[in-house]
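The values are calculated or read from the model by the stated rules, or taken from the named source; none is laboratory data. This structure is a prediction, so every number in the text was calculated from the model and none was measured. In this analysis, Cβ positions are derived from the backbone assuming ideal geometry, glycine residues included, and neighbour counts consider all displayed protein chains. Heavy atoms of the whole protein, side chains included, go into the accessibility calculation; ligands, DNA and RNA do not. Shrake-Rupley method; radii C 1.70, N 1.55, O 1.52, S 1.80 Å.
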Amino acid sequence: MSFNSFGHMFRFTTWGESHGAAIGAVVDGCPPGIAIDETAIQPWLDKRRPGTSRFTTQRREPDQVRILSGVFDGKTTGTPISLMIENVDQRSKDYSDVAKAYRPGHADYAYDAKYGFRDYRGGGRSSARETASRVAAGAVARLVIPQVRVRAWVEAIGGDAIDYAAFDDALIDTNPFFCPDPAAALRWEAKVDAARKSGSSLGAVIACEATGVPAGWGAPLYAKLDAELAHACMGINAVKGVEIGDGFGAAALTGEQNADPMRPGADGDGPDFLANHAGGIAGGISTGQPIRLRVAFKPTSSILTPVETITREGEATELATKGRHDPCVGIRGVPVVEAMVALVLADQYLLHRGQCGSA
């Protein structure tokens, strides 16, 4: 299988399977001399870790990361950083029926059609378990760009959205939904519980904002910052859509409504923007405004409700996916989106420094 790596100058490769001995990432291109140890990575993995509430999969994985290389005396050496996370709670027997039939909505059939072989134990490489490796790599990326703050939250579950008038950043990490609106969090408890108990699942929308990115990162053509961010987030399991700034909403605006007017900056260091419809990116290059994007996650395909499918031999059957699955996979997608955004921004920072000689 090819294409297990992502990035240009700051590049990472993930490895391992959902039900293998371990998963991990190799981060290459990290500058030397950055202070790092496992405690700089673990908090981000803890945000994504399964089994932390009844609203996520009950697979019990501690997701303890180990740094195997690329660090000496508590600092990066500039050589590849190898990160490993052991799998300790596999239940491959839960997938005995999946070995005989394809799970609708999953990559089972597509993998078999491409490779003539598939790892049916949780999907192997196609499992969302792989995203823990991305979160670990993203934690390293954050250390490369400490001036940048990447923050994501769940904006909607099952079509029920937060009220931005009630937005409270301090609440995001205090509830199991990464929700900044206390009223929405209460509604979602009942909504996700109902889906879980009925053997179904729900989709979600995650919003993400990166602040502290200066003007100038990105490129005008084939490495547009917004294209790189869309590429990164579309590559996350279960993601079916990405919007930058107003996204599809911009198509309903007029030119004057969609413009981001500028006035002379008070400090003489760039303009003051009066709007941010573009999401902090113009012509593929950051403007210095907050970078904003939204990511749509489909409902978890692994559900207890029987769905029509076929066997590998092409015979009609029904399949209900047993095992432990997220009733709303988008909830644990928050730290994954943050990680992928951080990885893109660290890469773009190094590319900009390499070409222009400044941050």
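Points to keep in mind about this one:
- Candidates are the residues of segment 312-337 that are open to solvent by less than 20 Å² (accessible area, probe 1.4 Å) and not in a loop (DSSP other than H, G, I, E, B); the one that is nearest to Asp119 (Cα to Cα) is Leu319.
- Residue count for segment 135-194 satisfying the condition of being part of a helix (DSSP H, G or I), under 16 Å from Ile331 (Cβ atoms) and open to solvent by less than 40 Å² (accessible area, probe 1.4 Å): 7.
- Subset of segment 229-264 [surrounded by 19 or more Cβ atoms within 10 Å (Cβ to Cβ) and either assigned to a strand (DSSP E or B) or over 14 Å from the mean Cα position of the chain (by Cα) (or both)]: Val239, Val242, Glu243, Ile244, Gly245, Asp246
- Residue list for segment 5-34, filter: open to solvent by 10 Å² or more (accessible area, probe 1.4 Å), under 24 Å from Pro62 (Cα atoms) and of a type in the set (A, V, I, L, M): Ala21, Ala22, Val26
- Residues being touching a Cys at 6+ places or on another chain (Cβ under 7 Å) and not small (Gly, Ala, Ser) - total across segment 173-210: 3
- Residue in segment 212-227 that is among the basic types (Lys, Arg) and either in a helix (DSSP H, G or I) or open to solvent by less than 20 Å² (accessible area, probe 1.4 Å) (or both) present: no
- Within segment 39-57, the set of residues being of a type outside the set (A, V, I, L, M) and either more than 21 Å from Arg151 (Cα to Cα) or open to solvent by less than 60 Å² (accessible area, probe 1.4 Å) (or both) comprises Gln42, Lys47, Arg48, Pro50, Gly51, Ser53, Arg54, Phe55, Thr56, Thr57.
- Enumeration of residues in segment 205-223 that are over 15 Å from Val341 (Cβ atoms), touching a residue at least 12 places away in the same chain (Cβ under 8 Å) and out of contact with any Lys or Arg (no Cβ under 9 Å at 6 or more places or on another chain): Pro214, Ala215, Gly216, Ala219, Pro220, Leu221, Ala223
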